[in-house]
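**Q** The structure under discussion is supplied below as structure tokens; questions concerning it will follow.
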Amino acid sequence: MLAVPKPDYTSLDLPEPPADRPYVLMNMVASVDGKVVIEETEQGIGSKVDQRLMRELRVNADMVINGANTLRASGSSPRLGDTSLEELRLARGRTRSPMGATISSTGDLPLHKIFFTATDFDAVVFLSDSAPTDRRQAIAATGRRVVDVSTGREVESALKIMRTDLGVRVLLVEGGPTLNAQLFELMAVDELFVTIGPVIVGGKDTITAVEGDTHFMRETVRRLKLVSAVPNEDTDEVYLRYRLRR
């Protein structure tokens, strides 16, 4: 089994969440030139150590969310994939794995993916209240809970429901770039974890960690405070942890 890498993300000292949303952790892997996909998925950028750290972050979370595009491209699961990590959660009085979640405005989701077919974890679909009825019914037929969110304010609405109705105190966001952009626009990211993989991807249209219509100016750019930077000589990666400056 892979040895536990450093840094150890299994026991983060996190503050109390706001009253109207969870405390939000965001985790991404990126190339040295800032790209987050190779051939449309993140595979090939990060190592097994990076994947382990992602699962360690899940130990702290009540819910793990992916945007619809990420679910379609890579699948989505909140599983920890390691008995020792599951035992950490159980020892803390938590479920074996966090709740999974996705968010969609249309309901156009891949219902054959593990997110919908697995029975070993709970999951929620935050669905725009304007989504077609047939898509809503198809999602509900998988057994996953469908939670309505306000059209045009899907992310903001989902965050509030997570905190006030579902009891989510810590949310882990694992992409994709469009969801990331919406969260940064709302100032609803508290910490950002980034693994820099030792590769150059290139490409004019290859996506970065934050994509979409959101474009910050000098006065509004989101600023970060570096918490830690840990190099790994075995993988040539660097593991970065930031907090957003308020």
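Since every read-out is calculated from the coordinates, none of them should be taken as a lab result. Nothing here was measured: the structure is a model prediction, and the numbers come from that model. Cβ coordinates were reconstructed from backbone atoms using ideal geometry, including for glycine residues, and neighbour counts include every protein chain displayed.
**Q** Which peptide among 60-66, 166-172 comes first, and what is the full order, when sorted by highest mean count of other Cβ atoms within 10 Å?
**A** Order by mean packing, descending: 60-66, 166-172.
**Q** Using a Gaussian network model of the chain whose springs link C-alpha atoms within less than 10 Å, name the residue from R21, R58, R153 with the highest mean-square fluctuation.
**A** R153
**Q** Can you list the residues of segment 210-246 with backbone N under 18 Å from a point 7 Å past the Cα of K6, pointing along Cα to Cβ?
**A** Answer for segment 210-246: 227-241.
**Q** Also: Which percentage, to the nearest 5, of the DSSP beta bridges contained in the chain is antiparallel? Could the numbers behind the result be given before it?
**A** Values: 15 of 44 bridges.
Bridges in the chain that DSSP calls antiparallel: roughly 35 percent.
**Q** Same structure, new question: Report the full-extension gain for the segment S130 to T41: residue separation times 0.36 nm, less the Cα-Cα distance, to one decimal in nm.
**A** Length difference between fully extended and current span is 29.1 nm.
**Q** Let me ask something else about it. Given R₀ = 41 Å, FRET efficiency for R243-D148 by Cβ-Cβ distance, to 0.05?
**A** So the FRET efficiency works out to roughly 0.80.
**Q** Over the chain, with a Gaussian network built from C-alpha contacts below 10 Å, which listed residue (R223, R163, R55) shows the highest mean-square fluctuation?
**A** Highest fluctuation of the listed residues: R223.
**Q** Give me the Kirkwood hydrodynamic radius of segment 179-246, using the inverse of the mean 1/r over all pairs of distinct Cα atoms, in Å to one decimal.
**A** 13.8
**Q** Still on this model: Hey, in the GNM for the chain with a 10 angstrom Cα cutoff, which one of S97, S47, S76 fluctuates hardest?
**A** The residue with the greatest mean-square fluctuation here is S47.
**Q** For G67, what charge total do you get from the other residues with a beta carbon under 11 Å from its beta carbon, if Lys and Arg give +1 and Asp and Glu give -1?
**A** Combined, the nearby Lys, Arg, Asp and Glu give -2.
**Q** Given R₀ = 35 Å, FRET efficiency for A91-R223 by Cβ-Cβ distance, to 0.05? It would help to have the intermediate numbers written out before the result.
**A** Values: r = 37 Å, r/R0 = 1.05.
With a Förster radius of 35 Å, E is 0.40.
**Q** Still on this structure, I have one more. For K204, go through the lysines and keep the ones whose alpha-carbon is under 18 Å away, minus same-chain ones fewer than eight residues off.
**A** Straight-line reach from K204, under 18 Å: K35.
**Q** Per the Kirkwood formula on distinct C-alpha pairs, the Rh of segment 79-190 is how many angstrom?
**A** Computed over Cα pairs of segment 79-190, the Kirkwood hydrodynamic radius comes out at 15.2 Å.
**Q** Just checking my list (1) 1.00; (2) 0.94; (3) 1.04 against Rg/Rh (Cα atoms, Kirkwood Rh) computed from this structure; which label fits?
**A** Among (1) 1.00; (2) 0.94; (3) 1.04, the one derived from this structure is (2).
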